[in-house]
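Following: one structure in structure tokens, then a few remarks.
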Amino acid sequence: MQQLAAQIAAVRAELEARPEGLVRHVERVLVEALDLAARWDLDPARVELATWGHDLFRSFPPDEQLRLAMEAGLPVVEADRAEPVLLHGPIAAAVLRDRFGVLDDEALSAVRDHTIGGRHMPMIAKVILLADKFEERKRRRTPVMREVRRLAWRDLDLALLCWADWKWVDEREHGWLTHPDHWGARTEWVEEHHREAGLPGRTAGFDLATG
Ligand SMILES: [Fe+2]
Ligand SMILES: [Fe+2]
């Protein structure tokens, strides 16, 4: 517990050296994440650690993000090269483990997967991803995030699915690539949702590249 408190203090101090706008964002995420932690009975300290850590490398220039990812031995695919900012979560997770001694796999997963999601996310990771997407300023900018926030109070998985649907439309409208890891995660979430609802699998075999 004492170690966790020390890790929170160290990671928070590191984040507070980042640009002010980013620090304010993380503070807004923390408000939402702690709210959801109380709702879903999660350890607020672990949620706080992951929140302070999630954007440690968000403000780094793209070439630096690429360099850090490769240095840490992280997988870098074409979608990451096109948009190195997508690597800031995986970089932060690696640095939290190696430099800050964070060994909490669920907190590390929350940091790693907060931008595009992952196939099997622990609850803490679902909470951080969603809080990151609907913190106060983002839901003012994108009003549909208010609905996602309301949903997260009732059902975290359904909130994730709705966010993924919104993201899919947003990417198509802008002509942006969909990261293959996000697509893999999303497909898994949809299949899970269908299984839960007792529906036959309708997404099996669907390939993003060929439709
Ligand atoms: Fe981020
Ligand atoms: Fe963030």
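Structure notes:
- If only residues of segment 29-51 that are of a type outside the set (Ser, Thr, Tyr) and within 12 Å of ligand 1 (Cβ to nearest atom) are counted, the one that is farthest from residue 12 (Cα to Cα) is 29.
- The condition of being modelled with pLDDT of 95 or more, crowded, with 19+ Cβ neighbours inside 10 Å and under 26 Å from residue 22 (Cβ atoms) does not hold for residue 144.
A quick yes/no check of all residues on (1) of a type in the set (A, V, I, L, M); (2) surrounded by 15 or more Cβ atoms within 10 Å (Cβ to Cβ):
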residue	(1), (2)
2	no, no
34	yes, yes
54	no, yes
88	no, yes
91	yes, yes
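- Within the set 98, 113, 80, 105, the sole residue that is within 13 Å of ligand 1 (Cβ to nearest atom) and acidic (Asp, Glu) turns out to be 113.
- Selected residue (only one of 56, 74 is free of Cβ contacts under 8 Å to residues at least 40 places away in the same chain and not in a helix (DSSP H, G or I)): 74
- Condition check for residue 126: away from ligand 1 (no atom under 14 Å from the Cβ) and crowded, with 18+ Cβ neighbours inside 10 Å: yes
- Selection within segment 129-139: residues that are within 13 Å of ligand 1 (Cβ to nearest atom) and over 15 Å from residue 150 (Cβ atoms). The member of this set that is nearest to the chain's Cα centre (by Cα) is 129.
- The residue pairs whose first member lies in segment 169-183 and is of a type in the set (A, V, I, L, M, F, W, C), whose second member is part of a loop (DSSP other than H, G, I, E, B), and whose beta carbons are closer than 6 Å, counting only pairs six or more residues apart or on different chains, are 183/208.
- Some residue of segment 30-37 being outside any loop (DSSP other than H, G, I, E, B) and more than 17 Å from the chain's Cα centre (by Cα): no
- All positions within segment 95-107 that are in contact (Cβ under 8 Å) with a residue 24 or more places away in the chain and either on the phi < 0 side of the Ramachandran plot or within 8 Å of the chain's Cα centre (by Cα) (or both): 95, 96, 98, 100, 102, 104, 106, 107
- Number of the condition not met by residue 114 [criteria: (1) of a type outside the set (A, V, I, L, M, F, W, C); (2) in contact with a Leu (Cβ under 6 Å, 6 or more places away or on another chain); (3) over 17 Å from residue 27 (Cα atoms)]: (3)
- Complete set of residues in segment 91-107 that are part of a helix (DSSP H, G or I) and either more than 16 Å from ligand 2 (Cβ to nearest atom) or closer than 17 Å to residue 183 by Cβ (or both): 94, 97, 98, 105, 106
- Tallying residues that are without any contact (Cβ under 8 Å) to a residue 24 or more places away in the chain and in contact with an Asp or Glu (Cβ under 8 Å, 6 or more places away or on another chain) within segment 1-29 yields 1.
The values are calculated or read from the model by the stated rules, or taken from the named source; none is laboratory data. Source: prediction; values computed, not measured. Ideal geometry is used to build each Cβ from the backbone, glycine not excepted, and the neighbour counts take in all protein chains shown.
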